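Below is one structure; the comments refer to it alone.
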Amino acid sequence: DADRLVKVYQAEPGYSRFEPSPAHYRDWRGMNASFEDLGAYAVTSMNLLSDGEPLRVTGAAGTANLLPTIGAVPLLGRLFSPEEDADGAPGTVILSYGLWQEAFGGRAAAVGSRIRLDEESHVVIGVMPREFTFPDRATRLWTTIRFSPGLFEDRDNHYLHVIGRLRS
């Protein structure tokens, strides 16, 4: 049902499309009547440290509901739970198929292992199928965004990408 997925922007004076702030995203989810769900993400890059050489990787930090909203299903493991999306929650990560092959040799035991992304420990909870390339082919992993409460106070902090699944 990809025809029911839409990218949601906010309008600002002088801008017809503007990425929303976390505060706007939170409000949209609370007032939502048109979508089955709304998920959000931000593109990021980080250093991955595991058993092999350090790697600089591009990733997407998203809300726990993002991947289910777009209909994603992991090849191995599972998707994020709502608890893993909370501020202060332990780090979890889902690997792309390519990164799983490159950094973990395609071993199923990668799920459950610990890696470091920049300075933070994360548990690998899943691997996505080879053909999954969201939001683009450069994305090598997905983490949860874990909004801190202060991010909901600044409506001028425009950096999120929001995807909605229209109701039937």
Tally of residues being more than 19 Å from PRO54 (Cα to Cα) and either in a helix (DSSP H, G or I) or out of contact with any strand residue (DSSP E or B) (no Cβ under 9 Å at 6 or more places or on another chain) (or both) across the range 106-128 = 2
Output for the range 91-105, where each listed residue is in a helix (DSSP H, G or I), touching a Leu at 6+ places or on another chain (Cβ under 9 Å) and within 13 Å of THR58 (Cβ to Cβ) | LEU99
Do you know which residues across the range 56-99 are within 21 Å of ASP118 (Cα to Cα), modelled with pLDDT of 95 or more and among the acidic types (Asp, Glu)?
-> GLU84
Cβ-Cβ below 7 Å, separation at least six or inter-chain, first residue in the range 151-162 and among the aliphatic types (A, V, I, L, M), second part of a helix (DSSP H, G or I): which pairs?
-> LEU151/PRO22; LEU160/PRO22; LEU160/TYR25; VAL162/TYR25
Exclusive hit being closer than 24 Å to LEU5 by Cα and without any contact (Cβ under 8 Å) to a residue 40 or more places away in the chain, set THR143, THR133 = THR133
Residues GLU102, GLU131: which one is more than 13 Å from the chain's Cα centre (by Cα), farther than 18 Å from PHE147 by Cβ and at pLDDT 95 or above?
-> GLU131
Of the residues that make up the range 12-28, is at least one surrounded by fewer than 15 Cβ atoms within 10 Å (Cβ to Cβ), among the aliphatic types (A, V, I, L, M) and either under 14 Å from the mean Cα position of the chain (by Cα) or at pLDDT below 95 (or both)?
-> no
Output the residues belonging to the range 138-168 that are over 21 Å from ASN32 (Cβ atoms) and at pLDDT 95 or above.
-> ALA138, THR139, ARG140, LEU141, TRP142, THR143
Do we find a residue being in contact with a Lys or Arg (Cβ under 8 Å, 6 or more places away or on another chain), charged (D, E, K, R), open to solvent by 50 Å² or more (accessible area, probe 1.4 Å) and within 30 Å of LEU166 (Cβ to Cβ) anywhere in the range 59-79?
-> no
For ALA110, state whether it is open to solvent by less than 30 Å² (accessible area, probe 1.4 Å), at pLDDT 95 or above, of a type outside the set (Phe, Trp, Tyr) and more than 29 Å from LYS7 (Cβ to Cβ).
-> yes
Selection from the range 80-90 of residues part of a helix (DSSP H, G or I) and surrounded by fewer than 13 Cβ atoms within 10 Å (Cβ to Cβ) yields PRO82, GLU83
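The values are calculated or read from the model by the stated rules, or taken from the named source; none is laboratory data. This is a predicted model, so every value here is computed, not measured. Quick reminder, even Gly has a Cβ in these numbers, built from the backbone with ideal geometry, and neighbours come from all protein chains shown. Note: areas computed on protein heavy atoms with side chains; ligands, DNA, RNA excluded. Shrake-Rupley method; radii C 1.70, N 1.55, O 1.52, S 1.80 Å.
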